[in-house]
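Every read-out reported here was derived from the displayed coordinates using simple, explicitly stated rules and does not represent laboratory data. Just so you know, these numbers come straight off a predicted model, no measurement behind them.
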Amino acid sequence: MPFTIVRNDITQMQVDAIVNTVSPEPGIGLGTDSAIHEKAGPRLLEARKAVGHIAVGTCAATPAFDLDARYVIHTAGPRWRGGLLGEGRFLKKCYLSAMNMAVEKGCRSIAFPLLSAGSYGFPKDKALQIAISAFSEFLTEQELQIYLVVFNKEAFQLSEKLMHRVQSFVDDHYVEQSYRKEYGSPSQQREQRRFREQELRRFMASAACASPKPREELEDAISESAILPMACPSPAPAKALSLEELLRQEDVGFSEDLLRRIDQTGKKDSEIYRKANLSKQHFSKIRNNPDYKPTKATAIALALALELDLEQTRDLIGRAGYALTNSSKFDLIVRYFIEQKIYNVVQINCALFEHDQALLGA
């Protein structure tokens, strides 16, 4: 997938370019900068000195030397000074300039730490949202495999407000799922009540004819019996269809329905597969194979790229044999964002990562 999050030491990444946050003037800083220099060896500092001054928000590339990469892209990140001096704008420029430079150098993959979120003091939730914005913007126009590398989950934080809303939604619907298992769905409960009422009316009518008791006593007896659960009658079994009859009812498959929906939007394939966090090569398999069966993560990502509502999403992924249920944390997180009309796959993947779930895309 063009964007993914990995928990790793960035110095161990095997990519074309590794991005490092540096001071404008040559030197070795703390944290990630120190680790990258240690792994790359002393020649990296010499190359950095040859570059000289790097303005905040811009970058320069040097060889990666002993790292498992071709280049180190040095970007001068902003220091956090309260957010009133354009720090967010400069941080986004760091991401965009590094990705553009990687493309210019012919790179196909790039690994980022969460820039400026360490010793430069940028609040991690704000730094992450800026990274999401930059990646999303870049991937709508360019092809590049982007890795956001986090060393541990403590270094990776979504907005507390957003995480609270997602977690509350997941918790509430886990409770709902448990209630449904015990008592049935609301529609099943309504059907049970309707059946009980019909049975009570029939009983009252027959009892009134057969019993000398006053009507009030009958109603009291019936009212007491109403609290007892009564099973709904099973419907009469429908006539089984033959195999040939069933096959004639076959609906269109996932690929055909997907391509029809894309045509209806009037958008190019590239707009959809990039929004879905898919590569061009992966999407070509879907377009060229009517019987192609995607993974669930791919099917949902394409539904999000089309900005389908919950019912439309269930219809599309159902054609690939998948469903959204309340018994899956992955499904509930996806459902939350669809209901909030948030279709940014990069942002949703960050929420999924935070909850140790699989990511969307190929």
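The HN-Hα couplings worked out from phi for the range 306-317 by the Karplus form 6.51 cos²θ - 1.76 cosθ + 1.60 (θ = phi - 60°) are 7, 6, 7, 7, 4, 5, 5, 4, 4, 5, 5, 6 Hz, whole numbers, x standing for Gly and Pro.
A convex hull fitted around the alpha carbon atoms of the range 252-362 yields 89 Å³ per residue.
With Cα atoms as the point set, the radius of gyration and Dmax of the range 32-89 evaluate to 13.2, 39 Å.
If you take the Cα centroid of the range 32-68 and the Cα centroid of the range 313-362, the two points sit 39 Å apart. The value of relative contact order for the range 1-94, using C-alpha pairs under 8 Å at least six residues apart, is 30 percent. Near Gln145, the amide H atoms lying under 5 Å from its own belong to Ser109, Ile110; only residues 5 or more places off or on other chains count, and H is placed 1.01 Å from N. For the range 1-54, the Kirkwood hydrodynamic radius comes to 12.4 Å, computed from all pairs of different C-alpha atoms. Shape analysis of the range 84-126 yields a ratio of the Cα radius of gyration to the Kirkwood radius, Rg/Rh, of 1.04. DSSP bridge analysis restricted to the range 1-125 gives an antiparallel fraction near 35%, rounded to the nearest 5.
For the range 270-328, a Kirkwood radius taken over Cα pairs fed into Stokes-Einstein (25 °C, viscosity 0.890 mPa s) yields D = 208 µm²/s.
For the range 272-362, averaging the sequence separation of C-alpha pairs within contact (under 8 Å, six or more residues apart) and dividing by the residue count gives a relative contact order of 37 percent.
3J(HN,Hα) couplings calculated from phi for the range 25-36 with the Karplus curve 6.51 cos²θ - 1.76 cosθ + 1.60 (θ = phi - 60°) are, in sequence order, 9, x, x, 10, x, 9, x, 4, 4, 5, 5, 5 Hz; Gly and Pro show x. When the alpha-carbon atoms of the range 297-362 are used, the pair Rg, Dmax equals 10.5, 29 angstrom. Between amide H atoms placed 1.01 Å from N, distances below 5 Å from Ala76 occur with Val22, Gly57, Thr58, all of them 5 or more places distant or on a separate chain. Computed over every Cα-Cα pair of the range 1-125 and binned at 10 Å starting from 0, the pair-distance distribution P(r) comes out as 14, 48, 33, 5 percent. Which entries of Lys39/Lys105; Lys92/Lys275; Lys49/Lys93; Lys126/Lys280 show an alpha-carbon separation above 26 angstrom in the structure shown? Among Lys39/Lys105; Lys92/Lys275; Lys49/Lys93; Lys126/Lys280, the Cα-Cα distance tops 26 Å for Lys126/Lys280.
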